[in-house]
Amino acid sequence: MPYDEDGDAIDLAVGVIVELHGDEPALHDRAVGRPGAFARLEAVIAKLRAAGRLPALACEASIRADNLDALPRIVGVAKRLGAERCTFIAPVTEAAQMAPLDATIPAVREALTRCRELDIDGHVRHQPACLLGGDAEALEATRDASDPPAFACLFASRCELSERCAGLPTAYIHRFGWEPHRLQPVLRDSPWPRDDGSPEAFAAWLALLGPAASRVTAVELDRLAARYRVDLGRGRSLVLELTPRTQDRPALARSRSFDIRYTKATGLGGPGLARVVETIAAAIVARDDGSLDLDPRRVLPPLPPA
Ligand code: SF4
């Protein structure tokens, strides 16, 4: 059984994916934190090739603040190693490694151009679709929410591309902001699949509240939240808000798919308010069978520390 530069067994039946973060040893070794890693990688690939046992080879390069200039040259190294595919992956949690979009996008697009020149299948992850221009087809789907981290975009509910683009990693937003002046949403003229405007879709969201549904005067639904305006009569009202379920963000209650909160309580207070919202929350917890969901990839980032 052959092994890669980390000592992990290589499954030759399915091909090999290797990390390649630099076009020369110092850059790659620094990125992986192991002196000599670049040389060992080359040696393993050469050994497999010499033995006639090199299966399909793919390279994954992180898009780091310190390797942007090198990305097109990394494609050249990938070609020399025999790679058929190259994927450029922006970091999603490691803020120190991140570079702003005005630096990463030109570098990534140049690297994708280089892929085409060298007949390598080029892909990119975690960059905004709206900034990739003719390279948007190379964008791979962001992993789903069961695999944190989270993503967000100010334009998510209005952008036609947001079915395939999750927006910006929230760690990026903390460091560089929402970039509203840079993003270029393609204005949506078709409904979001979970809000197709049909009476059935609306009824399902309403039924979640049980008896309190008869008190709902309006429902707003977007990718981030479902909001119900609840009129309890005699000038008493509140807005109930459901967002994708998390483990760690404050919530009044959590159902199978949602965190439950309320806002804008009017004419209610103290025990009366608690009784109303707890009754509605209990109804939602009892009825939420997981069949309704919001877009779980997207959560609003928590406020940065003061
Ligand atoms: S505007 Fe936002 S959702 Fe639309 S493509 Fe750009 S980053 Fe993605």
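The values are calculated or read from the model by the stated rules, or taken from the named source; none is laboratory data. Note that the coordinates shown come from a computational prediction; the quantities given were computed from them, not determined experimentally. Note: ideal-geometry Cβ built from the backbone for every residue, glycine included; neighbour counts use all protein chains shown.
Observations on the structure shown:
- Beta carbons closer than 7 Å, at least 6 apart along the sequence or on distinct chains, pair a first residue in segment 152-174 that is of a type in the set (Ser, Thr, Tyr) with a second that is near the ligand (Cβ under 6 Å from one of its atoms) for Ser162/Cys153; Ser162/Ala156.
- Inside segment 14-62, residues that are within 14 Å of Ile74 (Cβ to Cβ) and assigned to a loop (DSSP other than H, G, I, E, B) make up a count of 5.
- So Thr243, is it more than 19 Å from Trp205 (Cβ to Cβ) and modelled with pLDDT under 90: no
Here is a yes/no grid of residues against (1) within 30 Å of Arg80 (Cα to Cα); (2) more than 11 Å from the ligand (Cβ to nearest atom); (3) at pLDDT below 90; (4) of a type in the set (A, V, I, L, M):
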{"site": "Asp135", "(1), (2), (3), (4)": "yes, yes, no, no"}
{"site": "Leu139", "(1), (2), (3), (4)": "yes, no, no, yes"}
{"site": "Ser146", "(1), (2), (3), (4)": "no, yes, yes, no"}
{"site": "Pro149", "(1), (2), (3), (4)": "no, yes, yes, no"}
{"site": "Glu160", "(1), (2), (3), (4)": "no, no, yes, no"}
{"site": "Arg164", "(1), (2), (3), (4)": "no, no, yes, no"}
{"site": "Ala171", "(1), (2), (3), (4)": "no, yes, yes, yes"}
{"site": "His181", "(1), (2), (3), (4)": "no, yes, no, no"}
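- Count of segment 161-182 residues which are among the aliphatic types (A, V, I, L, M) and more than 16 Å from Ala90 (Cα to Cα): 1
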